[in-house]
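Engineer: Can you keep this structure in mind? I'll have questions shortly.
Here, each number is a calculation from the coordinates, and none is a lab measurement. The structure displayed is predicted, hence computed values, not measured ones.
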Amino acid sequence: MDALHSRLLVTRFADMFDFYQAVLPEMLGAKLRKGTSAGPYANWDVDDQAVLVLYDRATLAAVVGTGALPASAAPAQDHTMFVCRVDDVDAGAELCVRHGATLVVAPTDRPDWGPTLRTAHLRDPEGNLIELQSY
């Protein structure tokens, strides 16, 4: 059953598509299953299971009748985080930064969260929070 995956509602669809198309295949082995940088929808799978979907925020707003938020609208605190388990947090963080992410917290060992846990926190080109983790 393919029931749980992250869906990011984005305003800069082409930029977001280019970023995730650059990092997800190398970092997670994800394959683009549908969509192009033209939008309004794209999804990546790992082993035929959805891992991430991008959807144009204005398109969805028109569907549900809410009107789109301005691109500058940002919450005071994050509401969501895209978490990826990777083999190498340092390499994953470097890959993301190379393709336009902003490093928020450098790769760090987190023994208080888990005995062998290592994480890094980044923001994608639209500001969504990403956690890379390995055990």
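Engineer: I want to verify a result. In a Gaussian network model of the chain, Cα cutoff 10 Å, which of these has the top mean-square fluctuation: 38, 120, 62?
Structural biologist: Result: 62 has the largest fluctuation of those listed.
Engineer: Can you check what the Kirkwood hydrodynamic radius comes to for the chain, Cα pairs only, in Å to one decimal?
Structural biologist: 15.5
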